[in-house]
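Enquirer: Quick one: the structure is below, questions incoming.
Read-outs throughout are calculated quantities, based only on the coordinates presented, and are distinct from any laboratory measurement. Quantities reported herein were computed from a predicted structural model and do not represent experimental measurements. Neighbour counts are summed over all protein chains in view; Cβ atoms, including those assigned to glycine, are modelled from backbone coordinates with ideal geometry.
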Amino acid sequence: MAVGIACVVWAFGFFNGGESDKTAGQGDSSAAALSVSTASIERGSIEGKAHLTGSVESADPYQVMPSVSGKLTTLRVNEGMKVKEGQVLATLLDLDGTLAGAAATAQANHAKARLELEDLENPTADSLQVAQAKAAVKSAQEVLDNARRDRDKAQTSYDKAKAEADAAKDEVEDEKADAKEEASKSARSQAATPSGSASAGATNAQAANAPAANAAGGSASDELAEATADLTKAEGKRDSAKVNRDARRDAVTKAEEALHSAERTLDTFRNIAPAQRTKIEIARAQVDAARTQLAIAKRNLASLIVRAPADGTVTTLPQKVGTTVNATSVIAQLDTGGFEVTASADSVIAASLQSHPNLTADATIGSAKIKAKLKVVSPTTNAASDQTEVTFTLLPGKTVIRPGSTAGVDILLPDAKGLVVPASAIINDGTDTVVYVAKEPEAAGADPNRRETTVHRVKVNLGAADSTHAVVFGDGVAAGSQVVTTGQTQLSEGAKVQILPSQPESSQ
């Protein structure tokens, strides 16, 4: 009988809910009202508490794999050990001696190539003659380098002296033009012939001004003479720099000739013909190739020692000593960025955590207690489960942490005072955290236990929350108002509802 009654109640709510979802908020007075339960908003305080369970993962995992194949002979670290970059993690055995053989062969090939090159470079002359010729070439090259540096300095000095001479020449031309202009003005002034008494006055004035004109002309002549002297000095400096430059150029030419002569002498001792030069170049290339092969062989041989690529913590050691491994085998997994715990929280707890971005919680892994800091609250909520992913960063400590472990996270929020509502009244509709507040109900027909009214969608912020209640803040909520606690996901602004009678405390 109880099951039958429950089915009837569920069917009634389902069909009423479907109709309400289609018609709510459209103002149709004939739309069926959704049956909902409500609770009263009260003033109070909450110390937000929550316990979440999640999985431990590496924040920045790094898989260490060998670059060569071999047999794992030793593991130098344990899980949970902190290591430094370059620290030895494991050693491998070259099973068939391939790597050691390749290194020995490369070493022999390199030595052989060098001997062949030396024989080609010194086929007839004794070592003393070749050494002396090489020293002469080196000395001639040093002389040439010094001569080139001296030539470049002399060229720079010449360029500077030439620029100064050109500037002095321009200044002389300017002074000549100024002197010519002053002389022209003086000639025009003296050529004017006055007449009568007025002429006499003008003549007297001209006579009075004559000393000033002569003084101006004399000043221009002095400046011209000074500029001419500067030009002569600058041109002398330029000519001297040119002589020095030409001498340095000759020295470079002679040094180049001396170098070529020394090189020819060295070639004579080496008995190097054009064909021989070609052989030498080929032999040098073979030496370079042998050197490269030797470096690769040594590097491969050194790869039998597996080292940590960076600072971190050893989280797992998948291989056992004695196992044959290759370049795709994971010898060790390191965590280079710390550990995290990802857990799922209901939307109320998740929304409350978003208000405390610097929250610190207590994580429990086995019997160990570790401090954890809130890292991120996912912006999306799973609509089916009403769960939101929350990630905490485990703070460094001495506890050995292994990825995949289960961790419990105990959260304690600061006390919050305000309007307290049941946690079941709070939903996240994909955009906001909201509650639905019922307006003042009216009597619904003859049934005194059913009251019909409409609801108002109110966006709220959470101050704190636990598993049953939450403190909310927002315009539109007030103490004594009724909030909907069931069926909210089918409601919208202005929807019609029928408020079910409250149940006794013991049966809830």
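Enquirer: Can you list the residues, at least 5 places off or on another chain, whose amide H is less than 5 Å from the amide H of Lys49, using H built in the peptide plane?
Expert: Amide H neighbours of Lys49, under 5 Å, 5+ apart: Leu413, Ala465, Asp466, Ser467.
Enquirer: Another question about this same structure. Ordered by residue, what ³J(HN,Hα) values in Hz, to whole numbers, does segment 343-349 give under the Karplus form 6.51 cos²θ - 1.76 cosθ + 1.60, where θ = phi - 60° and Gly and Pro are x?
Expert: My calculation for segment 343-349 gives 10, 10, 10, 5, 4, 5, 5 Hz in order.
Enquirer: Follow-up. Explain nothing, just compute: Karplus ³J(HN,Hα) = 6.51 cos²θ - 1.76 cosθ + 1.60, θ = phi - 60°, for every residue of segment 281-293 in order, whole Hz, x for Gly and Pro.
Expert: With the stated coefficients, segment 281-293 comes to 4, 5, 5, 5, 4, 5, 5, 4, 5, 5, 5, 5, 4 Hz.
Enquirer: Collect residues whose amide H, placed 1.01 Å from N in the peptide plane, falls under 5 Å from the amide H of Thr433; neighbours closer than 5 in sequence don't count.
Expert: Sorted by chain and number, the residues that satisfy this are Val460.
Enquirer: Now for a separate question. Any idea what % of Cα-Cα pairs in segment 287-440 are farther than 21 Å?
Expert: Summing the P(r) of segment 287-440 above 21 Å gives 64 percent of all pairs.
Enquirer: Between Thr485 and residues 5 or more places away or on another chain, which pairs have amide H atoms under 5 Å apart, with H built 1.01 Å from N, and which residues are they?
Expert: Ser37, Thr38, Ala39
Enquirer: Also: Could you work out how far apart the two model spin labels at Ser40 and Glu226 are, taking each label as a point 7 Å from the Cα in the direction of the beta carbon, and quote it in nm?
Expert: According to this spin-label approximation, the distance is 10.8 nm.
Enquirer: May I pose another question? Which of the lysines could be linked to Lys398 by a straight reach, that is with a Cα gap under 22 Å, when you skip same-chain ones fewer than 8 residues away?
Expert: List returned: Lys82, Lys84, Lys369, Lys371, Lys373, Lys375.
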